[in-house]
Amino acid sequence: MHTTVAIVGGGPAGLLLARLLHNAGIDSVVLERRDRAYVEQRQRAGILEQATVDALRAAGAGARLDREGLVHDGIELRFRRRTHRVDFPALTGGRRVWVYAQTEVVKDLIALQLSDGGPLLFDAEVLTVEGAATPRPVVRYAHEGREQTLTCDYVVGCDGFHGIVRGVVPESVRTTHERTYPYSWLGILAEAPPVYDELIYAHSERGFALASMRSPTVSRLYLQVPNGTDPADWPDERIWDELDARLATDTEPGWRLERGAVTAKSVLPMRSSVTEPMRHGRVFLAGDAAHIVPPTGAKGLNLAAADVTVLARAFAHLDRTGSAELLDAYSDTCLRRVWRAEHFSYFMTTMLHTDPAQDGFDTGLQLSQLDRIATSPHAAAELAENYTGLPLGVPAAGPSS
Ligand code: RFL
Ligand code: PHB
């Protein structure tokens, strides 16, 4: 089999790239290691920036999102047992975010690709990528019980944080920058109405908590827990009690979350990682394959969508004009946005979580930063601009000379 662009990984990055290329008349093949049901049910992100929504609409995957997505005009911060709302449109000149689960984004993209797109193979695990520096790379993969070969003009590694394509960039030219945080998240999905009509990010003496949602009847809730926590040590009642304690305010004493059946429970480590450059020869990296962020800033899926939007435009430009100028700029263009998101995710994470080694000085700094956001429109606007995301095509520019 031969294709123009071989896409390794059928998560949001790979699937969206395939759609954007399809619309530009460029053929691709998506190879996904897992089966369709697994990919469609993997619980992950929930917040989409405007630029991600625009990219999904441009890919033809906006109809259900426009019907069922919940538009959010702000978030609530809880700290010092009080609440403060950050009003996004007022602080950013009209920008907002959407609550629409990654599972739904993935389902929409898969349905489209299978209806009229190029091949999307499930249970197709890529084993090696050869000839990255040649005009005709070769992808070897296991499918239907045997090893198969796909030749192509370009390979895009959309194979996530544990993928293999990153390893194709020789160690002599590849640098990975990493941080591991001294805490994890315990996340649950519950058949309970959301606590409030917007997301709540809570700083408390007992640690961080986040109240998010999937729909008007399903909540997604997170608690900071120590690294190495076994979810079995957290029976449902303990989770609800802890959420009540961390989300408590003095303005509504005795307030409790509405409880419901817990349908999923898992512990997620918190890490930052950036691999530079995001290209080697004819092999490109996109999404979690190149970078991950701790989820506190809600940036991972949005960065993945931004990468593949930039990449699809670069392939279309090459196809139309014969110029590889945008492809050559791909890594630098994306890394500007990636580092901005890394900084914001680090900022939100360290401002809101309790480090096990934290002392009163650290807590004083956190509360001072939160007070600043609650009292200065400039500080609040900085958070709101980052949370709602930079428009695509406006990279975080550096010095002009
Ligand atoms: P994915 O989704 O990991 O997909 C990679 C795919 O590649 C496949 N694969 C292979 N296929 C073939 N051959 C191989 N050798 C392969 N190796 C791997 C895998 O099976 C998989 O299907 O990466 P992608 O597409 O880059 O998408 C990234 C996003 O999934 C991720 O950044 C977000 O989920 C992060 N994230 C959030 N992002 C947001 O923008 N907003 C959020 O609110 C948000 N919340 C979250 C999150 C991530 C979380 N977790 C689980 C870390 C909340 C959580 C809890
Ligand atoms: C989610 O709904 O899963 C979610 C929302 C916001 C975050 C992280 C996760 O910052």
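The values are calculated or read from the model by the stated rules, or taken from the named source; none is laboratory data. Everything quoted here is computed from the prediction, not taken from an experiment. FYI the Cβ positions are ideal-geometry reconstructions off the backbone, even for glycines, and counts take in every protein chain you see. Note: areas computed on protein heavy atoms with side chains; ligands, DNA, RNA excluded. Shrake-Rupley method; radii C 1.70, N 1.55, O 1.52, S 1.80 Å.
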Taking the Cβ of Val338 as the center, what net charge do the other residues with Cβ under 10 Å away carry, scoring Lys and Arg +1 and Asp and Glu -1?
+1
Find how much the distance from Asp116 to Thr249 grows on full extension, using 0.36 nm per residue of separation minus their present alpha carbon separation; answer in nm with one decimal.
42.7 nm
Evaluated over segment 183-269, the Cα radius of gyration and Dmax, each in Å:
12.1, 35
Over what distance in Å are the Cα centres of segment 1-48 and segment 112-165 separated?
11 Å
Cα gyration tensor of the chain diagonalised, 5x eigenvalues square-rooted, in angstrom largest first, produces semi-axes 37, 23, 20
In degrees, nearest 10, range 0 to 90: what is the angle between the Cα axis of helix 102-116 and the longest Cα principal axis of the chain?
20 degrees
What full-extension length gain, to one decimal in nm, is calculated for His317 and Ser266 as 0.36 nm per residue of separation minus the Cα-Cα distance?
14.1 nm
For segment 115-206, radius of gyration divided by Kirkwood radius, i.e. Rg to Rh on alpha-carbons:
1.15
What translational diffusion coefficient, in µm²/s and rounded to a whole number, does the Stokes-Einstein relation yield for segment 1-115 at 20 °C and a viscosity of 1.002 mPa s, taking the hydrodynamic radius as the Kirkwood radius over Cα pairs?
136 µm²/s
At 0.36 nm per residue, and after removing the present C-alpha to C-alpha distance, how many nm does the segment from Arg372 to Glu325 gain when stretched out fully?
12.6 nm
Along the dipole axis of the chain (charges at Cβ: +1 for Lys and Arg, -1 for Asp and Glu; origin at the Cα centre), the most positive-end residue among Leu367, Phe208, Thr333 is Thr333
Using the Cα gyration tensor of segment 209-312, with a ≥ b ≥ c the square roots of its eigenvalues, what is the shape: rounded (a/c below 1.5), prolate (a/b larger than b/c) or oblate (neither)?
prolate
Accessible surface of the chain [probe 1.4 Å, protein heavy atoms]: carbon and sulfur percent:
50 percent
Counting only heavy atoms of the protein chains, get the accessible area per residue of the chain (1.4 Å probe) and round it to a whole Å² value.
43 Å²
Order of 124-130, 65-71, 227-233, 336-342 by packing, highest average Cβ count within 10 Å first?
336-342, 124-130, 65-71, 227-233
Lys, Arg +1 and Asp, Glu -1 on Cβ, resulting dipole of the chain about Cα centre, debye, nearest 20
380 debye
In segment 106-130, which residues have a backbone nitrogen under 12 Å from the label point lying 7 Å from Tyr38's Cα in the Cα-to-Cβ direction?
122-126
FRET efficiency for Asp355 and His2, using Cβ-Cβ distance with R0 set to 41 Å, rounded to 0.05:
0.20
About the Cα centre, charge dipole magnitude for segment 183-269 (Lys/Arg +1, Asp/Glu -1 at Cβ), debye
240 debye
